[in-house]
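**Q** Got a structure here, written out as structure tokens. Questions coming.
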Amino acid sequence: MNIATKITFARIFFVPIFLVLILLNTWESILFALIIFILGGVTDTIDGILARKYNTVTKIGATLDPLADKLLITTALISLLNFKELKIPVWTVIVIVLRDYIITWVRTLDHEKSMPADKTAKIKTFLQNIVIICILFILIFKKQILNLKLEKILIYYFPRISMVVVALFTLVSGLIYLVKYRGLILENFKQ
């Protein structure tokens, strides 16, 4: 097993740690959950760079890498629904999670070569990560936000509006994939 694949496995290991920390729901535990989430993003970049630099891209790495991302993002999004004060629309999380797992499945259909993420998918992942990080910051500094009387904007509006924007962009990104690879999808359904 090469170093890039080991880093990918480490990202998968981050998921239960993140979940426990966020469910503890103290500002300290949410801060550590944020650090774990950011580490997940950083290690995603590092394992991709290492795999390409040392030409150690493997089928298992190409399969596990997007799955590791989806597991961490899905866990973060679903756990954020637990914070009722954020009023995150449930449908946004459903759209994001469904799109991500459907496209992950589509990317496994081509057994000859792996499908690289296109530009919209990379922007989608970036937006998802930024919104999750911002919402975690809001949860960490909730008391200060309330003291500054910014709760209407930061606690009520930002999470809702940003999640709607990300869900819609995620949906568009998924539709682009489905249209681009419709032939491959149809071919696999005929078998």
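The values are calculated or read from the model by the stated rules, or taken from the named source; none is laboratory data. Bear in mind that the values here come from a model prediction, so they are computed numbers and not experimental data. Because the Cβ atoms are built from the backbone with ideal geometry, glycine has one as well, and the counts that use them run over all protein chains shown. Quick note on the areas: whole protein, heavy atoms, side chains included, nothing else; ligands and nucleic acids left out. Shrake-Rupley method; radii C 1.70, N 1.55, O 1.52, S 1.80 Å.
**Q** Run lengths n ≥ 4 of DSSP H only: what is the helix-derived mean residue ellipticity at 222 nm for the chain, with -39500 (n - 2.57) per run over all residues, to the nearest 500? Can you show the working numbers first?
**A** Working: 8 runs with 149 residues, N = 191.
Here the helix-only value at 222 nm equals -26500 deg cm²/dmol.
**Q** Quick one: give the max-minus-min coordinate of the C-alpha atoms of the stretch 88-191 along each principal axis, largest first, in Å.
**A** So the three principal-axis extents are 60, 22, 17 Å.
**Q** Which value, in Å² and to the nearest 10, is the accessible area of residue 171 when all protein chains are kept and the probe is 1.4 Å?
**A** Spelled out: residue 171, probe radius 1.4 Å, area about 80 Å².
**Q** Taking all protein chains in place and a 1.4 Å probe, what share, in percent, of the accessible surface of the stretch 1-149 do carbon and sulfur account for?
**A** On the way: 5880 of 8110 Å².
Percent of accessible area from carbon and sulfur atoms in the stretch 1-149: 72.
**Q** Between rounded, prolate and oblate, where does the stretch 1-103 land on the alpha carbon gyration tensor, with a ≥ b ≥ c its root eigenvalues, rounded for a/c under 1.5, else prolate if a/b exceeds b/c? Intermediate results must be reported in sequence, preceding the final value.
**A** Numbers: a/c = 3.07, a/b = 1.66, b/c = 1.86.
Verdict is oblate for the stretch 1-103.
**Q** Specify the inter-centroid distance of the stretch 49-66 and the stretch 162-187, based on alpha-carbon positions, in whole Å.
**A** If we compute the Cα centre of each part, the gap is 24 Å.
**Q** Next question, about the same structure. Taking 7 Å along the Cα-to-C-beta vector as the label spot, tell me the residue 81-residue 123 distance in nanometres, rounded to one decimal.
**A** 2.7
**Q** Related question: When only Cα pairs under 8 Å and 6 or more residues apart are kept, what is the percent relative contact order across the chain? List each step's numbers first, then the result.
**A** Working: 173 pairs, mean separation 50.8, N = 191.
It rounds to 27 percent for the chain.
**Q** Taking amide hydrogens as modeled 1.01 Å from N in the peptide plane, which residues meet the under 5 Å criterion relative to residue 150, leaving out close sequence neighbours?
**A** When sequence neighbours closer than 5 places are left aside, there are no close amide H contacts.
**Q** What are the membrane-span-like helices in the chain by this rule: whole DSSP H runs, Cα extent along the axis at least 27 Å, mean Kyte-Doolittle hydropathy at least -1.0? All intermediate terms of the calculation are to be shown ahead of the outcome.
**A** Values: long enough: 3-24 (32 Å, 2.25); 27-53 (39 Å, 1.20); 59-80 (32 Å, 1.00); 119-140 (31 Å, 1.68); 158-180 (33 Å, 1.76).
Correct list, ordered by number: 3-24, 27-53, 59-80, 119-140, 158-180.
**Q** Could you give the nm distance between label points at residue 108 and residue 35, where each point is 7 Å from its Cα heading toward the beta carbon?
**A** 3.4
**Q** At 0.36 nm per residue, minus the direct Cα-Cα distance, what do residue 160 and residue 148 gain on full extension? Give it in nm, one decimal, please.
**A** Details: separation 12, 0.36 × 12 = 4.32 nm, distance 2.01 nm.
Extra length available between residue 160 and residue 148 comes to 2.3 nm.
**Q** Using the charge dipole of the chain (Lys, Arg: +1 at Cβ; Asp, Glu: -1 at Cβ; taken about the Cα centre), state which of 23, 155, 102 has its Cα farthest towards the positive end.
**A** In the chain, that residue is 155.
**Q** Another question, then. Take the alpha carbon atoms of the stretch 127-151, find their center, do the same for the stretch 95-120, and report the distance between the two centers in whole angstrom.
**A** Measuring centre to centre over Cα atoms gives 31 Å.
**Q** So how many Å³ per residue does the convex hull of the Cα atoms of the chain work out to? If you can, show how the numbers build up before the last one.
**A** Values: hull volume 22.5 nm³, N = 191.
So the per-residue hull volume is 118 Å³.
**Q** Protein chains only, probe 1.4 Å: how do 38, 22 rank by accessible area, largest first? Could you put the intermediate results ahead of the total?
**A** Details: 38 70, 22 0 Å².
Ranked list, largest accessible area first: 38, 22.
**Q** For the chain, what does the accessible surface come to per residue with a 1.4 Å probe? Please give it in Å².
**A** Details: 10890 Å² over 191 residues.
Counting only protein heavy atoms, the per-residue value for the chain is 57 Å².
**Q** If I model a spin label as a point 7 Å beyond the Cα along the Cα-Cβ vector, how far apart are those points for residue 137 and residue 94 in nm?
**A** 3.1
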